[in-house]
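Visitor: Sharing a structure with you now.
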Amino acid sequence: MKNIVILISGAGSNMAAIVQAAQRQDWAGRHGARVAAVISNRPDAAGLQTAAQAGIATAVVDHKSFATREAFDAALMQAIDAHAPALVALAGFMRVLTPGFVARYAGRIVNIHPSLLPAFPGLHTHQRAIDAGCKLAGATVHRVTAELDHGPILAQAAVPVLPGDTADTLAARVLTQEHLIYPRAIAGLLAGQSTER
Ligand code: GAR
């Protein structure tokens, strides 16, 4: 079985979308894959409960317990490697990763970012898109490389920026699309049908 490990920091709605797609589309039967574990850097991440309710193993590696980024990443790698993952999916995981971490999972780690990359890497993407006068915003699923929010693009979805949008209303519109493209991109990877160029 190919194990997928999902890393979260908060609500975990993208994680839940992946878990639901895996069940609905029978990823176990079709791709020999399953979501094996959900790991959070925050003990209070709401997504941990959602995952536990879905019968998925959960773990917390609290970044506040570690003096350095390297020490945190080492503990995180240990927690991840306990599940021998074929794929690591970052789903609202709000930590910058060390080069050593990224290298360890090279070729088997993906992320979703709430902008149309390469526009607006980093934080506050929705407000920045509004402030820039963008008519379109969106989300990107990409492979993770050493550079933050870069790496080959696997999938994107665009939504309109509407008059009167706030960062919150735009984020909600983008999030509905994230829930579609992230499971689809992962299923594509599992099927060996990546659309990246
Ligand atoms: C999502 O919008 C995701 O794209 C974003 O955080 C949100 C998490 O929501 N990720 C980043 O900003 C990563 N830089 P969720 O916990 O409900 O999936």
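Visitor: Just to check your reading of the model, which residue among Ser13, Ser40 is open to solvent by 20 Å² or more (accessible area, probe 1.4 Å) and either within 13 Å of the chain's Cα centre (by Cα) or within 11 Å of the ligand (Cβ to nearest atom) (or both)?
Guide: Ser13
Visitor: So which of Ala79, Ala51 is at pLDDT 95 or above, within 12 Å of the ligand (Cβ to nearest atom) and in contact with a strand residue (DSSP E or B) (Cβ under 8 Å, 6 or more places away or on another chain)?
Guide: That would be Ala51, the only listed residue that is at pLDDT 95 or above, within 12 Å of the ligand (Cβ to nearest atom) and in contact with a strand residue (DSSP E or B) (Cβ under 8 Å, 6 or more places away or on another chain).
Visitor: Hey, can you tell me all the residues within region 76-96 that are open to solvent by less than 30 Å² (accessible area, probe 1.4 Å) and more than 16 Å from Ser9 (Cα to Cα)?
Guide: Within region 76-96, Pro85, Leu87 qualify.
Visitor: Taking into account only those residues within region 18-33 that are surrounded by fewer than 20 Cβ atoms within 10 Å (Cβ to Cβ) and out of contact with any strand residue (DSSP E or B) (no Cβ under 6 Å at 6 or more places or on another chain), which is farthest from Ile112 (Cα to Cα)?
Guide: In this case the residue turns out to be Gly29.
Visitor: Looking at region 154-179, which of its residues are among the hydrophobic types (A, V, I, L, M, F, W, C), free of Cβ contacts under 8 Å to residues at least 60 places away in the same chain and within 16 Å of the ligand (Cβ to nearest atom)?
Guide: Passing the criteria: Leu154, Ala155, Ala157, Ala158, Val159, Val161, Ala167, Leu170, Ala171, Ala172.
Visitor: Right, next: Would you mind stating whether Thr58 is within 16 Å of the ligand (Cβ to nearest atom), touching a residue at least 40 places away in the same chain (Cβ under 8 Å), among the hydroxyl-bearing types (Ser, Thr, Tyr) and open to solvent by 20 Å² or more (accessible area, probe 1.4 Å)?
Guide: No: the conditions fail for Thr58.
Visitor: Could you pull out every one of the strands (runs of 3 or more DSSP E) wholly within region 97-197 that has 3 or more residues that are open to solvent by less than 50 Å² (accessible area, probe 1.4 Å) and among the β-branched types (Val, Ile, Thr)?
Guide: 109-113
The values are calculated or read from the model by the stated rules, or taken from the named source; none is laboratory data. Since the model is a prediction, treat every value here as computed from it, not as a measurement. Using ideal geometry, Cβ is built from the backbone for each residue, glycine included, and neighbour counts are taken over all protein chains shown. The area values use the complete protein model at the heavy-atom level, side chains included, leaving out ligands, DNA and RNA. Shrake-Rupley method; radii C 1.70, N 1.55, O 1.52, S 1.80 Å.
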